[in-house]
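Heads up: the structure comes next, in structure tokens.
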Amino acid sequence: MARVFAGAGHRLVGPGDVADLYVFNTCAVTHVAARKSRQVIRQMRRANPNAAVVATGCYAQLSPQEVAALGVDMVVSNEDKDRLPQLVAEAGLLHDADPIPAPDAAFLPNTPLDDGGSHTRAFVKVQDGCDNRCTFCIVTVARGAGRSRPLPDVIAEINRLAELGYQEAVLSGVHLGSYGHDLGAGHGLYQLVKTILAETDLPRLRLSSLEPWDLDADFFELWRNERLLPHLHLPLQSGCDDTLRRMARRTSQAEFSQLVREARAAIPDLSVTTDIIVGFPGETDAEFEQSLNFVNEIEFAKLHVFRYSRRAGTSAAKMRGQVADSVVQQRSQHMHTLNAQLEESFRRRFVGRQMPVLWESNEPYGFGLQWSGLTGNYLRVVTQTNPQANLRNQVIPTKLVDTVPAALLGQLPASVAGNSTGLPVLRVIA
Ligand code: SF4
């Protein structure tokens, strides 16, 4: 959306800056997400009574009246998100603005790297919607059937990102693995990634979440090209076959383990991260134990733990055996504890190695700066430099010398970092 607005001649401002127009991309993935969406809109409305406020995204799509009642000027459906500047102009929400040209549908220029934002990775949306029906998922109701962006558009965008100086792009979609299914024979994620690697020079390409059932073993051949980063986010959701069946997930413990084995054999230093839901309806103590043990066996590099949240409109909401909140809370704590152990043990494997790090952001620290960045296999790395050093958006081979809470400590050549601040790392900026 930021790109669409920038492409239509608007100036983007940073977080906390005053704007004429605020656009909220609301989320409905859990009750908590919907509640936070409401809170933020209310706060922003109160703090900026004269600004125009627009809401879009899945919560706005599913509950437009609830969202309209928060005092927003317009609610825009997910389908119409790409036409936001036109819709805002047509509704007369920006009175003093210049006439707004329609965005070029074939190519939307990206936000410049120096926009003041903290991101150096560009997210390239190649797909939207999903044809699966996981029983807990409201997103598929909000986003509709799967549809893919034409390959030439994606290539044009990534080439433009490379021209703008981006070092890394992340291919994203609601169901990325289904990319191309609607585009006819010869189109698919394999073809997409292969073509991007062949026809663009972007140094680093990362894939966002991929459903495990979408990948064949020959998919991993793509990683022979080192520009494709060794990181797979494969949402498992539960490590128990019975729970997986009730979730209508098209995978099992055996299939998932086999897939991860093949991926690790083909991709050096691979990090495999996942999403896990705890407290799904009918999840007994024994099922949860199984899930916990399986997650431990797979040795994920990182878990995103979600407490099951009942969403009206999903079939899981109507299932018997809804788990008490206190039990869900306890299981979540267990899974978080396991996550901390798994993360630390994955990080430890890389102490002593030198790896390229894309440095992203900094914050003042002592008399210098503390920088934060990511390796190709998604390890968070922090380092300290003198106040003049500017590592932003640079990929620099970095010696990983130790682990610190939630990250690895990186050491840069003195020619890059200047004199060390001499202070211990106290906290990690993500
Ligand atoms: S594959 Fe993902 S987006 Fe599709 S229904 Fe399942 S959880 Fe939802």
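Here are the numbers for the structure shown:
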item: Unit charges at the beta carbon, dipole of the range 121-348: most positive-side option, F123, W223, P281; result: P281
item: Estimated [θ] at 222 nm from DSSP helical runs (n ≥ 4, -39500 (n - 2.57)) normalised by residues in the chain, nearest 500; result: -9000 deg cm²/dmol
item: 25 Å Cα cut-off, lysine pairs counted over the chain (separation 8 or more, or different chains); result: 8
item: Electrostatic dipole magnitude of the range 183-244 [Cβ: Lys, Arg +1; Asp, Glu -1; Cα centre; debye, to 20]; result: 360
item: The range 121-348, dipole about Cα centre (Lys/Arg Cβ +1, Asp/Glu Cβ -1), debye to the nearest 20; result: 640
item: Highest-fluctuation residue, Q86, Q43, Q354 considered, GNM on the chain with Cα pairs under 10 Å; result: Q43
item: Within the chain: Cβ-based charge dipole about Cα centre, in debye rounded to nearest 20 (Lys, Arg +1; Asp, Glu -1); result: 860
item: Dipole of the range 286-359, positive direction: furthest Cα of Q354, M335, Q322, with charges on the beta-carbon; result: Q322
item: Residue of S361, S291, S326 that the Gaussian network model of the chain assigns the largest fluctuation, springs spanning Cα pairs under 10 Å; result: S326
item: Considering only the chain, percent of DSSP beta bridges that pair antiparallel, nearest 5; result: 45
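Quick note: the coordinates plus some simple rules give every number you see, no bench work behind them. As the structure is a prediction and not an experimental result, all values here were calculated from the model. Using ideal geometry, Cβ is built from the backbone for each residue, glycine included, and neighbour counts are taken over all protein chains shown.
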